[in-house]
Amino acid sequence: MAMDRETRFNYLIRQADNNMVLGHRMSEWIGKAPTIEEELALANISLDLIGLARSLYVHAETTAGDGRDPDQLVFLRDAHEYTNLLLVEKLNGDFALTIVRQFLYSAFASAYWKALSETEDDELAGIATKAAHESAYHLRHASGWLVRLGDGTGESHDRAQAALNELWMFTGEMFDMDDTDQAAVGDGVGVDTAALKDGWSATVDEILTQATLTRPADGWMIDGGRTGKHTEHLGHMLADMQFLQRAYPGQQW
Amino acid sequence: MVNAASNPDRIAAVRAVLDGVCDPEIPVMSIADMGMLRDVAIDPDGTVEVVITPTYSGCPAMGMITTDIGLALATAGIEPYRVVLRHKPAWTTDWIPPAARERMRAYGIAPPVEPSAAKQSLFAQETVACPRCRSEKTERISEFGATACKAFYRCTSCLEPFEYFKCVRH
């Protein structure tokens, strides 16, 4: 059955929102990163993610939307209208938590975009191909750090393990397949993420072993971000990010 | 006026104008050199269509490049036109021609190196030659440089730091 416009739009916006929210989180490191090289790295990753979000917002609007531009989608939607994964809205915490979050997400994203690059929607396939390459680069960066932190000092090991333990319950949501996802797969513009789980697990295990970190046991997994039920952190992020457009509607530079 | 010249001639004229549009981050490279200029076509009504593709998702130069294309065409009296952003096929550094790679090197940026098949693993590193002294004794300082398309390296022979234009293949 062909997917209706609204479902297609919602599916694409989910992917865009993941990148927008994580991109914004990474940008919060600017001015605070541990070294100048790392500051550039985090800012570059942020730029990749926000650029990808922009391409996806434009594509969603062009193919299934009601004519809003990316700025309207980003600055004028409230938290419950955002449909990103809860994992990506988690506060940056310490450097270990930011790296573990990026690692867990990039290991998923690189496989996701690779799979989506086969879609019959040409423009989306092109966006996905680029994203697959960039996500693999982000994964390499985060993996390198995770090994250094985990197999580093007692302090860095403990912080990396604590971050992993804290974030683990947010990883299940990446592989949930609800009706919107199923419809997108049926229509050839989505990815069966449940099928990506084994590959993701293998990547995670490989790096965690090198990092001398312990993979947490799968327990209760939290979800809700993709249907607009967020942690309190997203609202605070949007309050900061959207302030200018809320205070001065339509302002441009 | 619009239809006075044949389409192949007009397309050649448009391409000649676009040869003057450079990547704002690497001024010795035109957008054609970079492989970002994908197509030039002319609609039946005479509108010129310029198709470009981004190098990286977050390339902040795209807006400026689009503006520069419009400015160059308008200045040359080539109107009406439209600039279209197309993502497929995805950009690759394979589209940068050899002469442009040499210009890049002369400018001080090491051009992309094809990774060998044996170096596809997660932590593989290419051997990047120093753009100044050509020594292959170099080391990576950071995978991320001043722009999305470049990484930071240092030559351990001549001791100069330099930028490396990362290889992108799909």
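The values are calculated or read from the model by the stated rules, or taken from the named source; none is laboratory data. These figures come from a predicted structure and were not determined experimentally. Positions of Cβ are generated from backbone atoms using ideal geometry, with glycine treated the same way; all protein chains shown enter the neighbour counts.
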Taking B:R38 as the residue in question, decide whether it is surrounded by 15 or more Cβ atoms within 10 Å (Cβ to Cβ) and at pLDDT 95 or above. yes
Condition test on A:A160, is it within 21 Å of B:K166 (Cα to Cα) and either part of a helix (DSSP H, G or I) or not charged (D, E, K, R) (or both)? no
So which residues in region A:105-136 are more than 8 Å from chain B (Cβ to nearest Cβ), acidic (D, E) and in contact (Cβ under 8 Å) with a residue 40 or more places away in the chain? A:E120, A:D121
Scope region B:25-65; condition touching a residue at least 12 places away in the same chain (Cβ under 8 Å), away from every other protein chain (no Cβ under 14 Å), in contact with a Pro (Cβ under 9 Å, 6 or more places away or on another chain) and part of a loop (DSSP other than H, G, I, E, B); matching residues: B:A32, B:D33, B:G46, B:T47
Scan region B:106-116 and tell me whether some residue there is within 15 Å of the chain's Cα centre (by Cα), more than 14 Å from chain A (Cβ to nearest Cβ), surrounded by fewer than 17 Cβ atoms within 10 Å (Cβ to Cβ) and of a type outside the set (A, V, I, L, M). yes
Residues within region A:145-165 that are within 14 Å of chain B (Cβ to nearest Cβ) and either in contact with a Lys or Arg (Cβ under 7 Å, 6 or more places away or on another chain) or surrounded by fewer than 17 Cβ atoms within 10 Å (Cβ to Cβ) (or both), tallied: 2
Scanning region A:163-200 residue by residue, those assigned to a helix (DSSP H, G or I), within 17 Å of A:L124 (Cα to Cα) and acidic (D, E) turn out to be A:D181
Those residues of region A:33-50 which are out of contact with any strand residue (DSSP E or B) (no Cβ under 9 Å at 6 or more places or on another chain), of a type outside the set (D, E, K, R) and crowded, with 20+ Cβ neighbours inside 10 Å amount to A:L42, A:N44, A:I45, A:S46, A:L47, A:L49, A:I50
Which ones in region B:85-106 are among the aliphatic types (A, V, I, L, M) and either outside any strand (DSSP E or B) or modelled with pLDDT of 95 or more (or both)? B:A90, B:I96, B:A99, B:A100, B:M104, B:A106
Residue that is surrounded by the most Cβ atoms within 10 Å (Cβ to Cβ) [pool: residues in region B:66-89 that are within 14 Å of chain A (Cβ to nearest Cβ) and among the charged types (D, E, K, R)]: B:K88
Could you list, in sequence order, the residues of region A:76-89 that are assigned to a helix (DSSP H, G or I) and either buried (at least 18 other Cβ atoms within 10 Å of the Cβ) or at pLDDT below 95 (or both)? A:A79, A:L86, A:L87, A:V88, A:E89
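For (1) surrounded by 19 or more Cβ atoms within 10 Å (Cβ to Cβ); (2) within 14 Å of chain B (Cβ to nearest Cβ); (3) without any contact (Cβ under 8 Å) to a residue 60 or more places away in the chain; (4) part of a loop (DSSP other than H, G, I, E, B), each residue gets a yes or a no:
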residue	(1), (2), (3), (4)
A:L12	yes, yes, no, no
A:A16	yes, yes, yes, no
A:R25	yes, no, no, no
A:G31	no, no, yes, yes
A:L52	yes, yes, no, no
A:L91	no, no, no, yes
A:F103	yes, yes, no, no
